[in-house]
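S.K.: The following block contains the structure, expressed as structure tokens.
The values are calculated or read from the model by the stated rules, or taken from the named source; none is laboratory data. Quick caveat, the model's predicted, so the values are computed rather than measured. Note that we place each Cβ from the backbone using ideal geometry, even for glycine, and neighbour counts take in every protein chain shown. Note: areas computed on protein heavy atoms with side chains; ligands, DNA, RNA excluded. Shrake-Rupley method; radii C 1.70, N 1.55, O 1.52, S 1.80 Å.
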Amino acid sequence: MARRYDPGRRQRIIDAAIRVVGAKGIAGLSHRSVAAEADVPLGSTTYHFRTLDDLMVAALRQVNEGFAEVVAARGTLEDSRADLAAELAGLIGEWLAGDRTGVELEYELYLAALRRPALRPVAAEWIDSLVGPLSRRTDPVTARALVALLDGICLQVLLTDTPYDEGYAREVLGRILGGGEGSGAGRS
């Protein structure tokens, strides 16, 4: 029997892995569950992704693109005239207001790096993709602090089911940046 050429199979497997994690969490992810979701033979998943970690790396890279698209669409992080705290607060608000399942899935895969060292470089890529542009507006240490704060705010919103408070985010980001509302500048 001749092997059928299927150029989209690898992508369908990644998409299926994302759907499986979205529905069942990381614990529900297996080559077998992904093969069933993608409607491909089990051997296809192991052909394209030798290990489950390989598959999770591909899935995390793909979901990370969602946040990168929001950043790129706003295109204001590099505008030195823009209020950086307000831009970052708006960026997070826009991202959290989008597909909540996608945001939760991104964080679930991101946090899986705690137990799966293969995912750590991909998590670091996400951090660096934001630190890079922020470092051009501030210094690298402040840029990393901003990313850590953004992560913390997002996790709190996701874990506590509280609504995102853009004003609060803008204020605390402004404090890290040392200017703007809530920074303490000009207060007695």
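S.K.: Do any helices (runs of 4 or more DSSP H) entirely within the range 1-72 hold 1 or more residues that are surrounded by 14 or more Cβ atoms within 10 Å (Cβ to Cβ) and hydroxyl-bearing (Ser, Thr, Tyr), and if so, which? Explain how you work it out, then say what you get.
M.R.: Working: elements: 9-24, 31-38, 42-48.
Hits in the range 1-72: 31-38, 42-48.
S.K.: Still on this model: Considering each residue of the range 140-174, count those that are hydroxyl-bearing (Ser, Thr, Tyr) and under 16 Å from Ala97 (Cβ atoms), and give that number. Give the derivation first.
M.R.: At the first step, the residues of the range 140-174 found to be hydroxyl-bearing (Ser, Thr, Tyr) are 142, 160, 162, 164, 168.
Next cut, under 16 Å from Ala97 (Cβ atoms) only: 162, 164, 168.
Total meeting the criteria: 3.
S.K.: Among the listed residues Glu94, Glu106, Glu69, Glu65, identify the single one that is touching a Lys or Arg at 6+ places or on another chain (Cβ under 8 Å) and among the charged types (D, E, K, R).
M.R.: Details: Glu106 fails: touching a Lys or Arg at 6+ places or on another chain (Cβ under 8 Å); Glu69 fails: touching a Lys or Arg at 6+ places or on another chain (Cβ under 8 Å); Glu65 fails: touching a Lys or Arg at 6+ places or on another chain (Cβ under 8 Å).
So the residue among Glu94, Glu106, Glu69, Glu65 that is touching a Lys or Arg at 6+ places or on another chain (Cβ under 8 Å) and among the charged types (D, E, K, R) is Glu94.
S.K.: Confirm whether Leu146 is hydrophobic (A, V, I, L, M, F, W, C), touching a residue at least 12 places away in the same chain (Cβ under 8 Å) and over 27 Å from Ala17 (Cα atoms).
M.R.: Values: hydrophobic (A, V, I, L, M, F, W, C): yes; touching a residue at least 12 places away in the same chain (Cβ under 8 Å): yes; over 27 Å from Ala17 (Cα atoms): yes.
Spelling it out, Leu146 is indeed hydrophobic (A, V, I, L, M, F, W, C), touching a residue at least 12 places away in the same chain (Cβ under 8 Å) and over 27 Å from Ala17 (Cα atoms).
S.K.: While we're on this one: For the range 25-60, how many residues meet the condition of being closer than 16 Å to Tyr107 by Cβ and without any contact (Cβ under 8 Å) to a residue 40 or more places away in the chain?
M.R.: Residues in the range 25-60 being closer than 16 Å to Tyr107 by Cβ and without any contact (Cβ under 8 Å) to a residue 40 or more places away in the chain: 2 in total.
S.K.: Taking the options Leu159, Leu150, Leu146, Leu111, name whichever one is modelled with pLDDT of 90 or more, of a type outside the set (Lys, Arg) and open to solvent by 30 Å² or more (accessible area, probe 1.4 Å).
M.R.: Details: Leu150 fails: open to solvent by 30 Å² or more (accessible area, probe 1.4 Å); Leu146 fails: open to solvent by 30 Å² or more (accessible area, probe 1.4 Å); Leu111 fails: modelled with pLDDT of 90 or more.
Selected residue: Leu159, the only one of Leu159, Leu150, Leu146, Leu111 that is modelled with pLDDT of 90 or more, of a type outside the set (Lys, Arg) and open to solvent by 30 Å² or more (accessible area, probe 1.4 Å).
S.K.: Residues Leu119, Leu84: which one is closer than 30 Å to Asp54 by Cβ, out of contact with any strand residue (DSSP E or B) (no Cβ under 7 Å at 6 or more places or on another chain) and touching a residue at least 24 places away in the same chain (Cβ under 8 Å)? It would help to see each step written out before you state the result.
M.R.: Working: Leu84 fails: closer than 30 Å to Asp54 by Cβ.
When all the criteria are applied, what remains is Leu119.
S.K.: Of the residues Glu104, Glu125, Glu181, which single one is farther than 30 Å from Asp53 by Cα, of a type outside the set (A, V, I, L, M, F, W, C), at pLDDT below 90 and open to solvent by 70 Å² or more (accessible area, probe 1.4 Å)?
M.R.: Numbers: Glu104 fails: farther than 30 Å from Asp53 by Cα; Glu125 fails: farther than 30 Å from Asp53 by Cα.
On inspection, the qualifying residue turns out to be Glu181.
S.K.: Kindly list, by first and then second residue, each pair from a residue in the range 96-115 that is under 12 Å from Phe67 (Cα atoms) to a residue that is among the basic types (Lys, Arg) and surrounded by 14 or more Cβ atoms within 10 Å (Cβ to Cβ), limited to pairs with Cβ atoms under 6 Å and residues at least 6 apart or on different chains.
M.R.: none
S.K.: Here's a follow-up. Scan the range 133-148 for residues that are more than 16 Å from the chain's Cα centre (by Cα) and among the charged types (D, E, K, R) and jot them down.
M.R.: Arg136, Arg137, Asp139
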